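To start, the structure under review is shown below, and the notes come after it.
The values are calculated or read from the model by the stated rules, or taken from the named source; none is laboratory data. None of these values were measured; they are calculated from a predicted model. Note that each Cβ is placed from the backbone with ideal geometry, even for glycine, and that neighbours are counted across all protein chains shown. What goes into the accessible areas is simple: the full protein's heavy atoms, side chains included, and nothing from ligands, DNA or RNA. Shrake-Rupley method; radii C 1.70, N 1.55, O 1.52, S 1.80 Å.
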Amino acid sequence: MNNISWEKFVQEVSDYVGVSVDEITMDTDIYEDLCLDSLGVFGLGTQLTETFGLTVPLSNVAVVSKVGDMFNILNEKGVKA
């Protein structure tokens, strides 16, 4: 486990999408609530992996729809770059 803090993770997501930190929960839908398309999700994943110094197979990130799922994937499957 990478010990990424939820608070830092949510702040990074908030900065990327322009949505208040208070509006982002584990159940926030990346597509519907944050209005990202597949390219936006790829960009968010790239931003997060660079910020936290991780590499994650794109196939793991491409299938997520909830913010909490992305957090868990980065924390559990991310490999230090």
| message | Taking the 0 to 90 degree range and rounding to the nearest ten, how far is the long axis of helix 38-52 tilted relative to the main principal axis of the chain, both from C-alpha atoms? | response | 50
| remark: Taking the alpha-carbon centre of each part, the distance from region 4-28 to region 48-74 in Å is 13
| remark: Counting only protein heavy atoms with a 1.4 Å probe and every protein chain in place, the carbon and sulfur fraction of the accessible surface of the chain in whole percent equals 51
| note | In debye to the nearest 20, the charge dipole size for the chain, taken about the Cα centre with +1 at each Lys and Arg Cβ and -1 at each Asp and Glu Cβ, equals 460
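Give the accessible surface of the chain per residue, rounded to a whole number of Å², with probe radius 1.4 Å and ligands, DNA and RNA excluded.
Working: 4580 Å² over 81 residues.
Computed with neighbouring chains in place, this is 56 Å² per residue.
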| Remind me, relative contact order of the chain in percent, using alpha carbon pairs under 8 angstrom and six or more residues apart? | 40
| query | Contour minus end-to-end for Glu76 and Thr51, with contour as 0.36 nm per residue of separation and end-to-end as the Cα-Cα distance? | reply | 7.4 nm
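Add -39500 (n - 2.57) for each DSSP H run of 4 or more in the chain, then divide by its residues: what number comes out at 222 nm, to the nearest 500 deg cm²/dmol?
Values: 4 runs with 42 residues, N = 81.
Result for the chain, helices only: -15500 deg cm²/dmol.
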